[in-house]
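The values are calculated or read from the model by the stated rules, or taken from the named source; none is laboratory data. Remember, it's a predicted structure, so these values are computed and weren't measured experimentally. With ideal geometry, Cβ positions are generated from the backbone for all residues, glycine too; neighbour counts draw on all protein chains shown. Please note that ligands, DNA and RNA were not included when accessible areas were found on the heavy atoms of the full protein model with its side chains. Shrake-Rupley method; radii C 1.70, N 1.55, O 1.52, S 1.80 Å.
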Amino acid sequence: MSFVGTLTLGCGPRINLVSGPNGSGKSSLVTAICVGLAGPMKALDRQKDPWELIRRGADAFETHIVLSGGPGKADIVVHRRTARGPRPGGGGGGAGGPRKRRKVGPGGGAAAAEDGSSGDEGGAGEGQGAGGEGHGSHTTWRLNGATASEKQIRRLTQELGIHFDNLCVFLPQERVVKFSQLEPAELLAATEEAIGDGHLKRQHERLQGAAGEVAAKAGELGRARERLQRLAGEQAAAQPEYNRLQRRNELKRDVERIQLKLLWLDRGAKREAQAAAAGALRAASAELEGARREQEAAREPLTAAQAQLQDQQKAARRLERQADEKAAELQGPGGLLTQLAALQARADSESEQLLALGGQHRQWAANIAHARGELDAARAEQQRLPQGPPAGEGERLAALDLELTAAASEVAAARVELRRAQDALRRVDEEIGRLEVAESNRSDRREQRLRKLDAACPGSRQLLAWLEATRAAGGFRRRVEGPALLEISPIADRHWAAGLELMLGAGNLGAVCTEDMADKNKVQDWLRQQRDAWKAQNRGRGGRVPFTNVVTYKASTSGPIPHPNGEAAQYRRYGVEATLDEVFEAPDLTKRTLVDVASLNTAYIGREQLNDDANINYLRHQTPVTKIITNLRTIFASNSRYRTNYQSAGYGKVRPARLLADDVVAGDEAAEAAELQAARQRRAAAAAEVQRLQAALTAEEGREGRLRAEKQQLQAARRAREDRANTVLVRINRAAQRLHTATQRPDPALDAPSHKAAVRQALEAIPPKAQAAVAALRELHALNRRLALIQLGLAQRTASLEPLRAALQRTEAAVRTAEAAVAERQGRLEAAKAAAREAERRLREEMGGEGGEGGGGGGGAMSPSPELLAAWAGWSNEVDELEALLEGKRAEVEAAQNALRGDEAAVLEAWRRREEEMGTLRQVEAAGAAELAKLEEELAKLREAWLPELRERLARVNEALQRHFASIRCAGEVVLREAGDQYDKYAVEIRVQYRPQEPLQALDRNHHSGGERSVATMIYLMALQGITSTPFRVVDEINQGMDSRNERKVFDLLVACSGRPDTPQCFLLTPKLIANLQYNQHVLDLALAFVSRGLLAPLEPSTRTTCLRDPSQQGGQGGQGGQPRGGAAARAAPGAAQGLGVLDWRQQKEVLLYGMGAAVRQ
């Protein structure tokens, strides 16, 4: 760079004014501050690689920057050394250990290392420069004497609020123009970063991200709702078919429920019979118990009498024993009488079974007869069914198909004709619309202009109404014209209109022109009142302020308009057509005013040949013309203040006219009116044709509908016949199956012969046994006769026991009768139980899942579900009525089935799928709405945290900027352009007014000179001082575009602002200073002088130093308290001469630069 050896710069705490001629090293100081604190190379907009900062012939450069640590704290020292070539030690770390490197980029440079050494950003690392010339470099960092990494230094600068890429903080010479070219949104971002600790910028970025999330979530929610609405529409369209299907299914369920109720009633009847049989059994059992109690009562007296006869019976026992032995032979087990009783019992049993076979045979025959009757009835019904379709039905269906095809063709043809007629009608309507718009535009050109002007300059419509009313009432002294846009006649050439609008701008096109100062004041007072009223009504809501129209004053309008750069006719051969004042017509007051405020008489309209740069340059060098406007671009040339005969040119794009663009050019109105009348007549004819074709189409569609209905009726009748035949066939098959099942069972009567043979065999065996028994009885009788005499006496006593025995026998007979009754009733109960179990089984089989708890196939109690009971409650409990109802329901099921279109499964599946998706979408909608509300709430909180503070900070900036501009007799303001929820479109706009006749305009390189932009830039930076927390600000050669007057004003403002306690340290670099500037104790003037290399050669390396003046020895020139610019002196301690005491926190105290040569000691 510019320095050889060591340069030590002692910095003041407020303004450090570094001056010196070109080449003295001012920009080197700016570079040193940036790279010495790890600022990015792109912030300099000069060199791209750190090795380019090493002076030719030197091996390295070093920077040594001391930052004040604040009261009572140690200073912060940052040292950087960047040397050519690869790192010493072949890649070892600065502390002797290995270091980590990021991947080498396309340029060959290595990024910062983790230790104190680093490959420089963007440079060629490890000696591998561009083209293989060895331009690599490596850097060593030290923080407070300890080895550090570049990341640590950058983290330190971020914590201190030093942002080198922010033009509001660090403005080097090469980026001054970029600051004025910042878009309003970029200026807002830079301002937010400079304010405070940069939290406003972070909040703004979070707001933009949150707004994006809200928009994305709202879009997602909208798509879900749209899909839900579409599905609901599909459900509504499918609802009729679904309802018919549900009706069919409900009727089927009714049929099943009626059948279940019939089974349920049958089971109830069987259970009632079982209960009755059980009751009868319980009654018989009770009677049996009573008979047994009576038997016991009769046995007790007999037992007592028998005990009295025991003594008498002892004598007769011996004889009785003999008789008993004979009786045992006759009646004992295996005896004759026992055998005879067994034969009789066998004969009785076989006889009973034979009798039972008769009943079983009758039941078997009845079942077969019933099944055969059902089969015969079904076959008879099948015979009664019509055989084949009715005569002529097939032919009629075929004819209907042909007629439907023909009718569809006729309908399609009618629709085509109708569409053609409708298209013709639409074209006629479009032509009528175009002609009516043209007619409206011809009569409403002034209203169009007024509407566009009111959008560009709000309040212009009310202003025009007030001007016309005041003019009509004679409220003005002299002429008052305007707004200017309404006074300008239509311009035929759109390129001329674009050039004129470019030169005038919306502000001048909305201007009011007066030729009396009292009238001007009156108009301005009215506008001010309207603005104040609007602000009072809209306080705190923001928005664009209306009634800002410019009011001009021109006393005299006599004489022709002069053209100081020559008449346009002189330059025809160069491609010049006219001056801008010649391309439009307006009242003389308006025209002369617009010419004066926009210098229209010095701007020339050029033909297309001037779009060529060679023609433009030729015109500029051969004529005094400096402003040319063609159909594509503008060329504004200006003469340099520093170089004689040097001219610079700025090129801009010509945008199409907006305010001066008239949509319709006047034409032949009579012809257009006649064309409109003819078009309306054609429309009437076309509308009549459309109506006729619509009626014909309706008739054809009606005929097609009738044919289709007839065809559907015939097809329905055919399906009904087929269904009836299928039903009868099913009945035949079922009856045949039942008949087959009955006939497969054997006839119970076939077992009768075997039972008859058994009876016959038993009866044949009885007589022999009876004869043997009679013989034995005779022998026993003889024995008893011999014993009679012995027992006669005993008989007398025994005779008294007979009544007792008779009573006992009667009770025994009663017990046997009761036992028989119990057995008979037990049989009835078992039969009733079997019938009830059969009914239960059938009910379980049919009911299936319809049962409630305990039902459905288990062995427990079965009960109908509540839904089934509710359905049964509406029906009768009479079996006959239920069967009649069942037949009616079956007929309804058949009718409902015929009404369906045949794709029941698809309808149900589509319905279920849509219902599931709609349920999911409703959940998504609810969750999305909740999430969107949460996001919107978070967005509102972020906005409340960001926007009020931003408004308050910018209001303070605006107040300071207005105050600074007012002090130099100009005007300016800072406006926050809000954009609602579009946070990426929020912007800050600097508006300035350097001349009284101009309105406030946004700072723009196309409207303001370089000096004006420099003044606005410096004033904006000074306005930021009170709200920024940056420790220092660097501005390089900002005054080069200023004239001496503006430079003095800006410097005076800088000096005046430097004494405030919230003012950051400022470095202002300039190649020159105007004389007689006013200094104070806060300004440190650091003058650099160029010393050739030859003068430094004889000096020792330790004394090769370009010294700065001692601030204590500086005096002023021409101003009280000034500091003279004396000779060189040794470096003084920063702030010592000013008596400021301890420096503020984080200000720079010292900057050292080392231009290291091969022989210079470190």
Self-check item: So residue 300, is it in a helix (DSSP H, G or I), in contact (Cβ under 8 Å) with a residue 12 or more places away in the chain and of a type in the set (D, E, K, R)
Solution: no
Quiz prompt | Residue list for the stretch 961-998, restricted to those being outside any loop (DSSP other than H, G, I, E, B), over 23 Å from residue 936 (Cβ atoms) and of a type in the set (Phe, Trp, Tyr) | solution = 965
Quiz item: Are any of the residues in the stretch 266-289 in contact with an Asp or Glu (Cβ under 9 Å, 6 or more places away or on another chain), surrounded by 18 or more Cβ atoms within 10 Å (Cβ to Cβ) and under 21 Å from residue 845 (Cβ atoms)?
Solution: yes
Quiz prompt | Selected residue (criterion: farthest from residue 532 (Cα to Cα)) from residues of the stretch 441-480 that are open to solvent by less than 20 Å² (accessible area, probe 1.4 Å) and not in a helix (DSSP H, G or I) | solution = 480
Practice problem: Determine, yes or no, whether residue 316 is under 30 Å from residue 819 (Cα atoms) and more than 60 Å from the chain's Cα centre (by Cα). | Solution: no
Quiz prompt | Leading residue by the ranking (least open to solvent (accessible area, probe 1.4 Å)) among those in the stretch 865-900 that are out of contact with any helix residue (DSSP H, G or I) (no Cβ under 7 Å at 6 or more places or on another chain) and in a loop (DSSP other than H, G, I, E, B) | solution = 874
Quiz item: Scanning for something of a type in the set (S, T, N, Q), modelled with pLDDT under 85 and assigned to a helix (DSSP H, G or I), does the stretch 742-750 turn up at least one residue?
Solution: yes
Quiz item: Restricting the search to the stretch 27-45, which residues are at pLDDT below 75 and open to solvent by 10 Å² or more (accessible area, probe 1.4 Å)?
Solution: 42, 45
Quiz item: Looking at 1026, 972, 1010, 980, which one is at pLDDT below 85 and over 21 Å from residue 163 (Cβ atoms)?
Solution: 1010
Quiz item: If the Cβ limit is 9 Å and pairs must be 6+ apart or interchain, which residue in the stretch 943-971 that is farther than 28 Å from residue 981 by Cβ and β-branched (Val, Ile, Thr) pairs with which residue that is assigned to a helix (DSSP H, G or I) and open to solvent by 70 Å² or more (accessible area, probe 1.4 Å)?
Solution: 968/1045
Exercise. Using the structure shown, decide if residue 661 is out of contact with any strand residue (DSSP E or B) (no Cβ under 8 Å at 6 or more places or on another chain), modelled with pLDDT of 85 or more and either closer than 30 Å to residue 487 by Cβ or not β-branched (Val, Ile, Thr) (or both).
Key: no
Exercise. For the stretch 54-82, enumerate the residues that are open to solvent by 70 Å² or more (accessible area, probe 1.4 Å) and modelled with pLDDT of 80 or more.
Key: 59, 73, 74
Practice problem: Please indicate, with yes or no, whether at least one residue in the stretch 529-537 is modelled with pLDDT of 90 or more, more than 19 Å from residue 1001 (Cβ to Cβ), loosely packed, with under 13 Cβ neighbours inside 10 Å and not hydrophobic (A, V, I, L, M, F, W, C). | Solution: yes
Quiz item: What number of residues within the stretch 217-233 satisfy the criterion of being surrounded by 14 or more Cβ atoms within 10 Å (Cβ to Cβ) and either free of Cβ contacts under 8 Å to residues at least 12 places away in the same chain or more than 16 Å from the chain's Cα centre (by Cα) (or both)?
Solution: 1
Quiz item: Does residue 148 meet the test of being among the hydrophobic types (A, V, I, L, M, F, W, C), modelled with pLDDT of 80 or more, out of contact with any His (no Cβ under 8 Å at 6 or more places or on another chain) and surrounded by fewer than 17 Cβ atoms within 10 Å (Cβ to Cβ)?
Solution: no
Quiz item: How many residues does the stretch 901-916 contain that are surrounded by 11 or more Cβ atoms within 10 Å (Cβ to Cβ) and not charged (D, E, K, R)?
Solution: 4
Practice problem: Please work out which residue is most open to solvent (accessible area, probe 1.4 Å), limiting yourself to the stretch 373-399 and to residues that are of a type in the set (Lys, Arg) and closer than 17 Å to residue 728 by Cβ. | Solution: 384
Quiz prompt | Unique match (being surrounded by fewer than 17 Cβ atoms within 10 Å (Cβ to Cβ) and modelled with pLDDT under 85) among 839, 834, 788, 820 | solution = 788
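Every residue, every condition in (1) without any contact (Cβ under 8 Å) to a residue 60 or more places away in the chain; (2) touching a helix residue (DSSP H, G or I) at 6+ places or on another chain (Cβ under 8 Å), yes or no:
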| residue | (1), (2) |
| --- | --- |
| 593 | no, yes |
| 601 | yes, yes |
| 605 | no, yes |
| 608 | yes, no |
| 619 | yes, yes |
Quiz prompt | Yes/no for residue 237 being within 53 Å of the chain's Cα centre (by Cα), free of Cβ contacts under 8 Å to residues at least 24 places away in the same chain and open to solvent by 50 Å² or more (accessible area, probe 1.4 Å) | solution = yes
Self-check item: Residues within the stretch 711-733 that are without any contact (Cβ under 8 Å) to a residue 12 or more places away in the chain and either surrounded by 14 or more Cβ atoms within 10 Å (Cβ to Cβ) or of a type in the set (S, T, N, Q) (or both), tallied
Solution: 5
Self-check item: Residues of the stretch 322-339 classified as among the small types (Gly, Ala, Ser) and in a helix (DSSP H, G or I), total
Solution: 3
Self-check item: Near pairs, Cβ below 8 angstrom, 6+ apart or cross-chain, from the stretch 386-406 (within 21 Å of residue 720 (Cβ to Cβ)) to any residue that is open to solvent by less than 40 Å² (accessible area, probe 1.4 Å) and modelled with pLDDT of 85 or more
Solution: 400/707
Quiz item: Restricting the stretch 543-584 to residues that are farther than 26 Å from residue 997 by Cβ and among the basic types (Lys, Arg), which is least open to solvent (accessible area, probe 1.4 Å)?
Solution: 572
Exercise. Looking only at the stretch 83-93, decide whether some residue is at pLDDT 80 or above and under 24 Å from residue 33 (Cβ atoms).
Key: yes
